[in-house]
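Asks: Here it is, the structure in full.
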Amino acid sequence: MTDVDELLPEVLGDLGRQAPHDPDLAGTIRGRARRQTRRVAAVAASVAGVLVVAGLSVALTRGPAAVPTATPTPTTTADPAACTRSLSTDVLPTWARTGFSDPEPRVPHVLGARGDITAILFGPMTAPATPDAGNKILWVGRVAGVGDLVVDGSLPGTDRRVHQVVSGGPGPSGVNVPVPGCWRFDLRWGPYQDVLYVAYAAS
């Protein structure tokens, strides 16, 4: 209890004794205060009830909060970036220069991801193949003479597949594919494996 709470009854009592028209002024004031308190409490309760009803109405109107759904990632039928990164016109690796008159030949080629094979491209690679193109690839292995080269091609994101065997291991071949795109080639020869990407343009 504060000092004000202790002094208030005494002050009200003095006012009551001094007021000739109402000897019980303190009691009257206390009664009015209690009635006023009850009115304020009633009004507050009514306001709170209105707010609760209003809030419930808004909630029912809005319904359950919407749950964001994940946007499906679009599928792709090729990875052009893989072909762009892979294609090189730099000087061929030392072990892939056999048969070239230029000691430092610069020919479009794609080096395998493991660095064990390279695909030297002769002319534009198109799909389907055109009579004057042929889609010629010279496969050169860093280690040769270890059995046939098995070429399994696939177009990422599709069910397109090609299969080819180059007898005797890495060497010249024509590799045709049914549709243009950035084709992945999984390569196996003897105990070795590698993978690379070759771009085929629409013919």
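Asks: Of all residues being touching a Leu at 6+ places or on another chain (Cβ under 7 Å) and assigned to a loop (DSSP other than H, G, I, E, B) in segment 112-131, which is farthest from V162 (Cα to Cα)? Just the residue, please.
Replies: A113
Asks: For segment 132-179, give me every one of the strands (runs of 3 or more DSSP E) that falls completely inside it and has 2 or more residues that are more than 21 Å from L111 (Cβ to Cβ).
Replies: Filter on segment 132-179 gives 161-166.
Asks: Now for a separate question. Report yes if A199 is surrounded by 15 or more Cβ atoms within 10 Å (Cβ to Cβ) and without any contact (Cβ under 8 Å) to a residue 60 or more places away in the chain, otherwise no. Before you say what the answer is, go through the steps one by one.
Replies: Details: surrounded by 15 or more Cβ atoms within 10 Å (Cβ to Cβ): yes; without any contact (Cβ under 8 Å) to a residue 60 or more places away in the chain: no.
Taking the combined requirement at face value, the residue does not satisfy it.
Asks: Scan segment 95-107 for residues that are in contact with a strand residue (DSSP E or B) (Cβ under 7 Å, 6 or more places away or on another chain) and surrounded by 15 or more Cβ atoms within 10 Å (Cβ to Cβ) and jot them down.
Replies: A96, V107
Asks: Restricting to segment 134-181, what's the tally of residues that are in contact (Cβ under 8 Å) with a residue 60 or more places away in the chain, closer than 19 Å to L87 by Cβ and surrounded by fewer than 17 Cβ atoms within 10 Å (Cβ to Cβ)?
Replies: 1
Computed from the coordinates by the stated procedures, all read-outs in this text should not be read as laboratory data. Given the structure is predicted, the values throughout are model-derived calculations rather than measurements. Heads up, the Cβs are rebuilt from the backbone with ideal geometry, glycines too, and the neighbour counts pull from every protein chain shown.
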